[in-house]
Amino acid sequence: MEWETDILGEDFQACAFEAAGSDGVVRRATLVRHLNSAAGPDGTVRSGRNGAVLFLHGWSDYFFNVELARFWSQHGFTFYALDMHNHGRSLRPETPGGYVAHLDDYDAEIRNAIDLIRAEQAQAAAGTHALTLMGHSTGGLIAALWVSRNPEDVQYLVLNSPWLEMHGSSLVRRAAQTMVGPIARLRPTTVLRLPERGFYYRSISLSAEGEWLVDDKIRPPMAFPVRAGWLRAVLAGHSRVARGLRIDIPVLVLTSSTSANGMVWQEVMRRSDAVLDVNVIAVRAMALGRTVTLERVDGGLHDVFLSAAPVRADAYARLARWIRGFIEYEEPDHRLEGVQ
């Protein structure tokens, strides 16, 4: 595997690789690392005092938030992000953008990314080998499912507006499963005719009314077409969350405090989650495991770390507080003198 200068500039490097899934299909993914935290000027790896972070993007998305990478670096972590297959840097012209038939199809590339991170940590002379997995939206769903199936691989889980359930309730999900199931079985790549809503993109992109430089060629303004097989995969993931994941590591969930839905643009969408039902997500979050912290960020967008500067400063402060409380905290020795 060879690292090359990434599209985000000299502070970042990217490494494309292929991973064979349990179904035998070989898929292409791309691992990105923040060079300032992951390696020195001579290319040698530096391990952060708090370990490493692996970030998983949402659907139709890719990693571009350099501010997020620098935050983790400044707090003692090496930072990595994975552009999963059929997304971002890993897009290929012969495959449908954003498509996956089963969320478990991401397992092989996540495993390869973690193995590479572990190998780089092992080369470092100092620091801890703890791993924090972070996921946004659909990436948050994928991250939670991964941790539930691989409990020994990750020590901390951070979820940014994770897509844990459909709008409304589980009844909506079951109805959707009933409708999409037959199509997904017979013609999984069929595009479903659903209303296009680019409100979230409008709120973040510098080419619209946001402040972030987003590459329209790999992150389309209206997102990728919704295909039957992909929707079935997501709904199946929601069902697994609803049954309980029993995650036994500290989990942080950040969401906006409000949602804004509708088929026309509303100014409130500049300070709300215009994608998910945050109240439903908050309820589902509490069932992820035994140690879950929920932070609801006033004025937050769907990605709270892409919100307006004062809002994301609040989100970062809440994340930093959680890091101090769960990752940097050293439990005092309460043993009585002379008692072992």
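The values are calculated or read from the model by the stated rules, or taken from the named source; none is laboratory data. Note that the structure is predicted; figures quoted are calculated from it, not measured. Glycine also receives a Cβ, built like all others from the backbone with ideal geometry; neighbour counts cover every protein chain displayed. The area values use the complete protein model at the heavy-atom level, side chains included, leaving out ligands, DNA and RNA. Shrake-Rupley method; radii C 1.70, N 1.55, O 1.52, S 1.80 Å.
The residue that is farthest from D83 (Cα to Cα), among those in segment 107-125 that are in a helix (DSSP H, G or I), of a type in the set (A, V, I, L, M, F, W, C) and open to solvent by less than 50 Å² (accessible area, probe 1.4 Å), is A119.
With the requirement that a residue be farther than 28 Å from Q177 by Cα and either open to solvent by 10 Å² or more (accessible area, probe 1.4 Å) or without any contact (Cβ under 8 Å) to a residue 60 or more places away in the chain (or both), what does segment 144-165 give you? Passing the criteria: P151, E152, D153, Q155, Y156. Applying the set (1) closer than 27 Å to F64 by Cα; (2) touching a Ser or Thr at 6+ places or on another chain (Cβ under 8 Å); (3) open to solvent by less than 50 Å² (accessible area, probe 1.4 Å) to D104 leaves exactly one unmet item: (3).
Residues of segment 166-192 being in a loop (DSSP other than H, G, I, E, B) and either without any contact (Cβ under 8 Å) to a residue 60 or more places away in the chain or open to solvent by 60 Å² or more (accessible area, probe 1.4 Å) (or both), which ones? If the condition is that a residue be in a loop (DSSP other than H, G, I, E, B) and either without any contact (Cβ under 8 Å) to a residue 60 or more places away in the chain or open to solvent by 60 Å² or more (accessible area, probe 1.4 Å) (or both), then H167, R187, T189, T190, L192 are the ones that fit. Every condition in (1) among the β-branched types (V, I, T); (2) under 16 Å from the mean Cα position of the chain (by Cα); (3) surrounded by fewer than 24 Cβ atoms within 10 Å (Cβ to Cβ) is met by T128 except one, and the failing one is (2). Looking across segment 193-213, the residues that are surrounded by fewer than 20 Cβ atoms within 10 Å (Cβ to Cβ) and out of contact with any helix residue (DSSP H, G or I) (no Cβ under 6 Å at 6 or more places or on another chain) come down to R193, L194, P195, E196, R197, G198, R202, L206, S207, E211, L213.
R219 falls short on exactly one of the conditions (1) in a helix (DSSP H, G or I); (2) crowded, with 16+ Cβ neighbours inside 10 Å; (3) touching a residue at least 60 places away in the same chain (Cβ under 8 Å), and that condition is (1).
A single entry from L131, L164 fulfils the requirement of being in contact with a helix residue (DSSP H, G or I) (Cβ under 6 Å, 6 or more places away or on another chain) and under 16 Å from L56 (Cβ atoms): L164. Of the residues V241, V278, the single one that is touching a helix residue (DSSP H, G or I) at 6+ places or on another chain (Cβ under 8 Å) and β-branched (V, I, T) is V241. For segment 3-46, residues that are in a strand (DSSP E or B), open to solvent by less than 60 Å² (accessible area, probe 1.4 Å) and modelled with pLDDT of 85 or more total 17.
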